[in-house]
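> I am attaching a structure below and will ask some questions about it afterwards.
Nothing in this text is a laboratory measurement; each read-out follows from the coordinates by a stated rule. Note that the structure is a prediction, hence the values are computed from the model and not measured. Cβ placement follows ideal geometry from the backbone for every residue including glycine, while neighbour counts extend to all protein chains displayed.
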Amino acid sequence: MSQLTEPILDKEVMRSMVEEMIPIHKLLGLKLLETKMDYIKVRVPFSEYVIGDFRRRRWHGGILGAIMDAVGGMIGLMHITSPEDKLATIDLRIDYLRGAKATDVIIEGHLVRLGNRILVASMKAWNEGEEDLVAEGKAVYNFIRKGTPSS
C-alpha cells in the first residue's frame, strides 16, 4: 500500500477541504466522519434533492456515484505533496446493489494501490444504521505528484 504512515494534510485542513472548499460537497452537506492513512469515511444527509426514484423515495444513483468518486479522490488528498499535484478520475465502476433509502448515507473508501502515476481506491456505501451495502465500487485515478513527501 502506501509508504506514508500519516496523511500529509492534518485532519482539520482535510476536513475544511472536504466539507467547505468543494462546492458540491458543501451543497450536499457532506461530513467527514473518520480519516486515517489510506481510509476515509463520510456521511451525506438525505434531502429531497437527492431523490431519484420519487415513488419509492430512493437516492439517485448518479449522486451516489459522484459521492463515491469524490471519496476515492479524497484518498489521493492524503498523498498530495504540493499544491501543483493533480488528480483526475480515469475509470469509475459502481455496482448498485439495492436502492438507498431516504436516510443519510455513509460512504467509506480504502486505498487499493498507489503507484508512480496511478491510484486505485475501493468504496462502499450503505444507509446509516444499516449493514447491507447499497453500492460498492472501484475507481482509478491519474495522480501526478509534483512535490516530494515532507520529512
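> Restricting to the stretch 80-99, name every residue that is within 20 Å of HIS25 (Cα to Cα) and in contact with a strand residue (DSSP E or B) (Cβ under 7 Å, 6 or more places away or on another chain).
LYS86, LEU87, ALA88, THR89, LEU92, ILE94
> Looking only at the stretch 36-92, count how many residues are closer than 13 Å to LYS138 by Cα, in contact with an Asp or Glu (Cβ under 9 Å, 6 or more places away or on another chain), free of Cβ contacts under 8 Å to residues at least 60 places away in the same chain and not β-branched (Val, Ile, Thr).
Here the count works out to 1.
> Cβ-Cβ under 7 Å, sequence separation 6+ or interchain: first residue in the stretch 99-112 and within 19 Å of GLY137 (Cβ to Cβ), partner among the basic types (Lys, Arg) and in a loop (DSSP other than H, G, I, E, B). Which pairs?
That search, which allows pairs on different chains as well, returns GLY99/ARG56.
> What's the number of the only condition in (1) assigned to a strand (DSSP E or B); (2) of a type outside the set (D, E, K, R); (3) touching a residue at least 60 places away in the same chain (Cβ under 8 Å); (4) crowded, with 18+ Cβ neighbours inside 10 Å that MET14 fails to meet?
(1)
> Further question on the same structure: Could you count how many residues in the stretch 129-151 are within 29 Å of ARG55 (Cβ to Cβ) and within 16 Å of the chain's Cα centre (by Cα)?
5
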